[in-house]
């Protein structure tokens, strides 16, 4: 299995009126070929910013990619100019993105046809007629009924789920290597959520695309992801294969997350859900030591005195950044 | 759509009735008598009170106010705008000779405003926070606050009296000599469009900045589109929706501005005719003139409302 995208030591900071926000602070991850990767964490932990940074879609200012590299196809994406031709040749063509809000992610004044064909014309150099035919095929593929007649509709004539299908069609239109889905199902109802995820899984299998699902919903990644990264306060605190994360979680935050979601097959006595106490930290003026410390029930003296631990291997592909061996404590 | 237009036109008729009634009453409330002003023009002749009463009857001013208004309205509906008290000419004829002049300047000012306002606004938004944006924004704020006639006088002083580049004032028909006509139109058009350019620049800039931060613009960037395509195809059309509203308002403002500007630049248009008639209490001209302007404003508002549908497919008329 070869590595498609290799991100190393990514740091993205935002200059705000109240101070410097280290939204992403030293994140490393990689995406393999034909793999579904989950990036999990609470709102504001930097998971979306990490992905937008790789695509160089961060607004500069206030944002700034301070350091890091993102190797893709032998080139460092972060070396490209954000609006330059090289970066644009990647976006939508090699790495495509689907966003959280289907209601607002499509342009309200342009027809669906225009919004689907523009990537085809731009990246695949199709002429108008061919692009239109291809657009119909793509819309059929993502399950839009009567695709021909709906081509000239506007986004407001589609439901949220249908719009997200259109977004998926646009994202897959140029047969990208990687599809990044940033909270793709957060804004739709549960039934639609499942349909969209099934669709995305089917599509990435068909197109041999790798999929990155950015989400706060553990249920979503449990079902689909091969590998999972857990993020907290701008860093990755644990990563591993899905089995590692779900069956042998090691970081206190991962353990907390799993305890706070209901699971099928739980017995009545341990059905009680345990929320993680406290709030995520303010990312301005973060302390040097572990950011999860104030909410951690496992913490030891060492956690207070030493800086945030680096990720260290605990299994073949299982990494965790914690001084405490939670297996002993529990 | 047709039903919508018909309904809007009926509403327009009501607005026009209210406008004419208001102007009619306002003119009657002004202190002064048009006949006295008419009489005072003739220094050599003296009018007997009987002659003045005779004139009063001739112009129907001896009747009660409601009767005067109803008579005037009836005449208007038959296409008769009445006769000027002071100038003695047919009002319809006077307006038909003056209106084209005002429309000539008005259309030019409107086109200049729409074009420059939108372009400046777009440039400011794209160069947000850069020096160009700051300079244009300051100029736009000045443009909104300074009185146009004052700028007109300054321009005259600079370009006509000092540099001798442009004629100080006057009007040359474009059919007569196009080059001369345009030369004479430069300063009046600057004055007439100054406020509109400034207002449209500000509105366009803020609308563009609003749209630029929308999710669908991020989607457009994520597709790998060129910045030019994102601005032209994805941003401007969305940003135009609030701008069109302001653009529609400019029609009325430019017509209103023509009253001042035509006086400053000595242009024989509707504006100056109205201003002079207002001073001399020439009821018929003021009433008919404001009616014409009101018709233009009502129609331009209707056009604006219909054009929303072209910019924003979500808008349905019903």
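The values are calculated or read from the model by the stated rules, or taken from the named source; none is laboratory data. Treat the numbers as computed from the prediction; the structure is a model and nothing was measured. Positions of Cβ are backbone-derived with ideal geometry, glycine not excepted, and every protein chain shown enters the neighbour counts.
Going through the range A:58-79 one residue at a time, which ones are surrounded by fewer than 19 Cβ atoms within 10 Å (Cβ to Cβ), within 14 Å of chain B (Cβ to nearest Cβ) and either closer than 30 Å to residue A:257 by Cα or in contact (Cβ under 8 Å) with a residue 24 or more places away in the chain (or both)? Please lay out each step first, then the result.
To start, the set of residues in the range A:58-79 that are surrounded by fewer than 19 Cβ atoms within 10 Å (Cβ to Cβ) comprises A:59-62, A:64, A:66-67, A:69, A:71, A:73-76, A:79.
Cutting the leftovers down to within 14 Å of chain B (Cβ to nearest Cβ) gives us A:59-62.
Within the range A:58-79, A:61, A:62 qualify.
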> Quick one: what pairs do we get from the range A:12-28, first residue at positive phi, second surrounded by fewer than 16 Cβ atoms within 10 Å (Cβ to Cβ) and in a strand (DSSP E or B), C-beta under 7 Å, 6+ apart or different chains?
Replying inline: A:19/A:284; A:26/A:9
>> If residue A:42 satisfies all but one of (1) within 11 Å of another protein chain (Cβ to nearest Cβ); (2) surrounded by fewer than 19 Cβ atoms within 10 Å (Cβ to Cβ); (3) under 14 Å from the mean Cα position of the chain (by Cα), what's the number of the condition it fails?
In response: (1)
> Does residue A:99 count as under 16 Å from the mean Cα position of the chain (by Cα) and within 28 Å of residue B:127 (Cβ to Cβ)?
Replying inline: yes
>> Within the range B:19-30, does at least one residue satisfy the condition of being at positive phi and out of contact with any helix residue (DSSP H, G or I) (no Cβ under 7 Å at 6 or more places or on another chain)?
In response: no
>> Would you confirm, using the coordinates I've provided, whether residue A:294 is surrounded by 19 or more Cβ atoms within 10 Å (Cβ to Cβ) and modelled with pLDDT under 85?
In response: no
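Condition check ((1) at pLDDT 90 or above; (2) in a loop (DSSP other than H, G, I, E, B)) across all residues:
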position: A:152; (1), (2): yes, yes
position: A:156; (1), (2): yes, no
position: A:167; (1), (2): yes, no
position: A:170; (1), (2): yes, no
position: A:179; (1), (2): yes, no
position: A:184; (1), (2): no, yes
position: A:187; (1), (2): no, yes
position: A:194; (1), (2): no, no
position: A:198; (1), (2): no, no
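Quickly run through the range A:141-150 and pick out the residues that are in contact (Cβ under 8 Å) with a residue 24 or more places away in the chain and in a loop (DSSP other than H, G, I, E, B).
Restricting attention to the range A:141-150, the residues satisfying the condition of being in contact (Cβ under 8 Å) with a residue 24 or more places away in the chain are A:141-144, A:150.
Answer for the range A:141-150, where residues must be in contact (Cβ under 8 Å) with a residue 24 or more places away in the chain and in a loop (DSSP other than H, G, I, E, B): A:142, A:143, A:144.
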> Do you know which residues across the range A:80-107 are at the interface with chain B (Cβ under 7 Å from one of its Cβ atoms), free of Cβ contacts under 8 Å to residues at least 60 places away in the same chain and touching a helix residue (DSSP H, G or I) at 6+ places or on another chain (Cβ under 6 Å)?
Replying inline: A:83, A:91, A:104, A:107
> Out of curiosity, is residue B:200 more than 10 Å from every other protein chain (Cβ to nearest Cβ), crowded, with 20+ Cβ neighbours inside 10 Å and under 17 Å from residue B:121 (Cβ atoms)?
Replying inline: yes
>> Looking at B:200, B:225, B:278, B:209 in this structure, which one is outside the structural domain of residue B:59 (by TED's automatic domain parsing), at pLDDT 90 or above, more than 30 Å from residue A:102 (Cβ to Cβ) and in contact with a helix residue (DSSP H, G or I) (Cβ under 9 Å, 6 or more places away or on another chain)?
In response: B:200
> If you go through the range B:136-157 one residue at a time, do you hit one that is in contact with a helix residue (DSSP H, G or I) (Cβ under 9 Å, 6 or more places away or on another chain) and part of a loop (DSSP other than H, G, I, E, B)?
Replying inline: yes
> Got at least one residue in the range B:214-223 being buried (at least 24 other Cβ atoms within 10 Å of the Cβ) and not in a helix (DSSP H, G or I)?
Replying inline: yes
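Given the options B:205, B:233, name the one that is away from chain A (no Cβ under 14 Å), closer than 27 Å to residue A:61 by Cα and over 18 Å from the mean Cα position of the chain (by Cα).
Numbers: B:233 fails: away from chain A (no Cβ under 14 Å).
Going through B:205, B:233 in turn, just one is away from chain A (no Cβ under 14 Å), closer than 27 Å to residue A:61 by Cα and over 18 Å from the mean Cα position of the chain (by Cα): B:205.
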> Within the range A:108-120, how many residues are without any contact (Cβ under 8 Å) to a residue 40 or more places away in the chain and facing chain B (nearest Cβ under 10 Å)?
Replying inline: 2
